[in-house]
Amino acid sequence: MDQAQANRPVHHPSKPSQPGPPSSGSPPAAGTGGRVESWPDGSRELAEHLQRRLVISDRDWHALKAQRSRRAAEQLAGALVQLLGADDPAAMRGGEARQRAIALTASALAWLKGELRDPGCPDHGR
């Protein structure tokens, strides 16, 4: 394969050629006007697994607490769990889970921008 072909997207005949959101594999529920009202099967479990993998444990806290990208990833994974956990994705107004996801996303962004810093360990300096 030459270099020009290596940079092109791969065509998958089994996938639709029309742009648009991915299908969940199941048709929309009756009376929804074609909207899919739930997250794809297994989404919440995948998000929870990712969050568990990214959380900074007590053992690793001192070594990783200052790594902004790690802290942001931890917060974003938590936001994803919240978002997938309770709210109907088709709802115009968000519930408590969406508000928690917004707060965690804002915190992650602040870590990435360098606006947040680790406050230090409360057990040290007493």
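The values are calculated or read from the model by the stated rules, or taken from the named source; none is laboratory data. The model shown is predicted, which means the values in this text are computed figures rather than measured ones. Reconstructed Cβ throughout: ideal geometry from the backbone, glycine too, with neighbour counts over all protein chains shown.
May I ask you to verify whether residue 44 is basic (Lys, Arg), assigned to a helix (DSSP H, G or I) and loosely packed, with under 14 Cβ neighbours inside 10 Å? Give the steps one after another, and end with the answer.
Values: basic (Lys, Arg): yes; assigned to a helix (DSSP H, G or I): yes; loosely packed, with under 14 Cβ neighbours inside 10 Å: no.
It is false that residue 44 is basic (Lys, Arg), assigned to a helix (DSSP H, G or I) and loosely packed, with under 14 Cβ neighbours inside 10 Å.
Here are some conditions: (1) more than 19 Å from residue 38 (Cα to Cα); (2) buried (at least 19 other Cβ atoms within 10 Å of the Cβ). Residue 101 meets all but one. Which one does it not meet?
Residue 101 satisfies all of (1) more than 19 Å from residue 38 (Cα to Cα); (2) buried (at least 19 other Cβ atoms within 10 Å of the Cβ) except (1).
Can you pull out the residues in region 101-126 that are of a type in the set (A, V, I, L, M, F, W, C) and modelled with pLDDT of 85 or more?
Our first condition is that a residue be of a type in the set (A, V, I, L, M, F, W, C); within region 101-126, this holds for 101-104, 106, 108-112, 116, 121.
Those that are of a type in the set (A, V, I, L, M, F, W, C) and modelled with pLDDT of 85 or more: 101, 102, 103, 104, 106, 108, 109, 110, 111, 112, 116.
Would you please list the contacts, defined by Cβ atoms under 6 Å and residues six or more apart or on different chains, that run from a residue in region 85-98 that is farther than 20 Å from residue 45 by Cα and hydrophobic (A, V, I, L, M, F, W, C) to a residue that is outside any helix (DSSP H, G or I) and modelled with pLDDT of 75 or more?
none
Output the residues belonging to region 69-92 that are surrounded by fewer than 20 Cβ atoms within 10 Å (Cβ to Cβ), under 19 Å from residue 115 (Cα atoms) and not small (Gly, Ala, Ser).
Selection gives 70 alone.
Please tell me if residue 29 is touching a Lys or Arg at 6+ places or on another chain (Cβ under 9 Å) and at pLDDT below 85.
So residue 29 fits the description; yes.
If you go through region 47-68 one residue at a time, how many are surrounded by fewer than 12 Cβ atoms within 10 Å (Cβ to Cβ) and of a type in the set (S, T, N, Q)?
So the answer is 1.
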